[in-house]
Amino acid sequence: MAKIEKTNDEWKKLLSAEQYYVTREHGTEPPFKGPHQEEERSGDFNCVCCGNKLFRTDAKFDSGTGWPSYFQPASPDAVLEHKDRSMLIFVRTEIRCADCDAHLGHVFDDGPEPTGLRYCMNGHALDFKPD
Ligand SMILES: [Zn+2]
């Protein structure tokens, strides 16, 4: 499937200021301020830009970081990894939506079983749909 591409002006019309900052300008929302941290209902967390299904509640856990955290994506091809060299000291792995390249957050290797991964997401990049 072809990537969803829009101009910055088109994205701005579709998204809130916070959503645009996070997903299109690679921003990070302040911890404990974004949506979905307390969400415990069963459902899907979809890309706020294009609706791609990214995460499920059954992979969500309380990381204590102030950002919604998951130990795996809804499917292996839902997200893409990019090496993020914006911090010079170490390389982080950025997570983007596979369908529209929205910046979602980063993945770290200090998560719980069964994967040991912690997908640390910006709540403003996600749209929750209860089952
Ligand atoms: Zn997307």
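All of the numbers you see were taken from the coordinates with simple rules; none came from a lab. Model, not experiment: these values are computed from the prediction. Here the Cβ is made from the backbone with ideal geometry for all residues, glycine too, and neighbour counts use every protein chain on show.
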- [ ] Using only the Cα atoms, work out Rg/Rh for region 59-131, with Rh taken as the Kirkwood radius, to two decimals.
- [x] 0.95
Open item on the list: Over 22 Å between Cα atoms: which of LYS13/LYS60; LYS6/LYS53; LYS3/LYS33; LYS12/LYS83 fall into that group?
Closed with: LYS13/LYS60; LYS3/LYS33; LYS12/LYS83
Open item on the list: Multiplying the sequence separation of LEU14 and SER42 by 0.36 nm and subtracting their Cα-Cα distance, what value in nm do you get?
Closed with: 7.5 nm
- [ ] Please provide three numbers in whole Å: the alpha-carbon extents of the chain along the principal axes, with the largest listed first.
- [x] 41, 40, 32
Task: Efficiency of FRET from Cβ geometry, PHE32 and GLU113, R₀ 35 Å, rounded to 0.05 - done: 0.85
TODO: Report the paramagnetic label zone for PHE61: residues of region 88-121 whose backbone N is under 17 Å from a point 7 Å from Cα along the Cα-to-Cβ axis.
DONE: 106-121
Task: Amide H partners (placed H, <5 Å) of HIS106, local residues excluded - done: ILE95, CYS120
- [ ] Round to a whole angstrom and tell me the spacing of the C-alpha centers of region 92-130 and region 46-86.
- [x] 3
- [ ] Calculate for the chain the 222 nm mean residue ellipticity that helices alone would give, adding -39,500 (n - 2.57) per DSSP H run of length 4 or more and normalising by residue count, nearest 500 deg cm²/dmol.
- [x] -3000 deg cm²/dmol
- [ ] Can you tell me the relative contact order of the chain? Whole percent, Cα pairs under 8 Å, sequence separation 6 or more.
- [x] 29
Task: Relative contact order, percent, region 70-114 [alpha-carbon distance under 8 Å, six or more residues apart] - done: 32
